[in-house]
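Participant: Quick one: structure below, then a few questions.
The values are calculated or read from the model by the stated rules, or taken from the named source; none is laboratory data. On a predicted model such as this, the values are computed, not experimentally measured, just so you know. Backbone-built Cβ (ideal geometry, glycine too); neighbour counts: all protein chains shown.
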Amino acid sequence: MNNFPLANSLSVSVRVYRALLVAYPKKFRENYGAQMVQVFRDSLRYEYHRNGVSGVIDLWLHTCADLLVTALIERITERSQYMFSPRIALWGGVASVCGGLFWVLTGIAPDGSLTLMLALGLGLGGLVGLRSRQAGQSGGLGWAGFALGIIGTGLALAALGWGFVSGDSSNMERDPARAAPAVLILTLALVILGIGLVLLGVTSLRAKNPHIWRGLPLGLGLLSTISGMTIWLVYYVPLSQGRIPWDPWNFGLYVLYPAVLVLFGLGWMGLGIMLTAEADAKVVPPPPASA
């Protein structure tokens, strides 16, 4: 008789836990629900016999925290499996090719501010296309890379817009130091974009459907970071010191900076070609993250 209250309490806890599993996707519950309930039941008995009520409370706290995080991950993973759309990947590839062309023009044009804004804007389409292509394969790493890519691009566009609205870009020769903050933000934005592309590149490398260019996003991320550091060296350093970057003749401005941007543009064009070529390819989802 003394074991009846214990058995009843354990039974109630197990039923509550089984009800909480509804937070997971249906398919995940069908595959792992019974096993998870059994593990929880065994852990519950162990904690009660070892630490009493305090052990049960501690187990519930850890279980709820774990359930909240893993259920959210599984829901995101399940939803991302259905995010892939051949049309999104196709148009994202087209945007990436056009954006790459504008990156090349930015590198060779005397004043590439407008072409840089167009390149960044079209690059957003490329990011969406790449994220769509990776749907169901990337989990949290892909989402983090995508988010950083969007943040970096948005920050870069904001820095360029700030330069236009404030007039700092057009007045660079008269007051170089005023243009330095916007250039610094642009530098940081390209580095953030680069980190996002690196994460997306790692996701592509981990994908189950290999492609000869699957490491291209990783290379793009490195080039974006190099572009940001080049802008910092060629533009920000002299501007912050009150000097005009192109007076006197500057090797970094007339050789290094164009070369890096041209390579970056060619990389975006390559990514666009990859996305358009693989637009109809089948996406193979990975096993659940919590399995």
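Participant: Return the residues of segment 11-58 that are among the aromatic types (Phe, Trp, Tyr) and either surrounded by fewer than 12 Cβ atoms within 10 Å (Cβ to Cβ) or assigned to a helix (DSSP H, G or I) (or both); say none if nothing qualifies.
Facilitator: If the condition is that a residue be among the aromatic types (Phe, Trp, Tyr) and either surrounded by fewer than 12 Cβ atoms within 10 Å (Cβ to Cβ) or assigned to a helix (DSSP H, G or I) (or both), then Tyr17, Phe28, Tyr32, Phe40, Tyr46, Tyr48 are the ones that fit.
Participant: Only residues that are closer than 18 Å to Leu271 by Cβ and surrounded by fewer than 24 Cβ atoms within 10 Å (Cβ to Cβ): list them for segment 103-114, please.
Facilitator: Across segment 103-114, the qualifying residues are Val104, Leu105, Gly107.
Participant: Where the second residue is of a type in the set (Ser, Thr, Tyr) and surrounded by fewer than 22 Cβ atoms within 10 Å (Cβ to Cβ) and the first is over 17 Å from Arg178 (Cβ atoms) and not assigned by TED's automatic domain parsing to the domain that holds Gly196 and lies in segment 223-238, which pairs have Cβ atoms under 6 Å and are six or more apart or on separate chains?
Facilitator: Matching pairs, first to second residue: none at all.
Participant: Something else about it: Can you tell me which of Gly126, Gly140 is touching a residue at least 24 places away in the same chain (Cβ under 8 Å) and crowded, with 18+ Cβ neighbours inside 10 Å?
Facilitator: Answer to the check: Gly126.
Participant: Also, I was wondering about something else. Quick one: in segment 239-252, of everything that is over 14 Å from Ala182 (Cα atoms) and not in a loop (DSSP other than H, G, I, E, B), which residue is modelled with the lowest pLDDT?
Facilitator: Taking the candidates together, the pick is Gly252.
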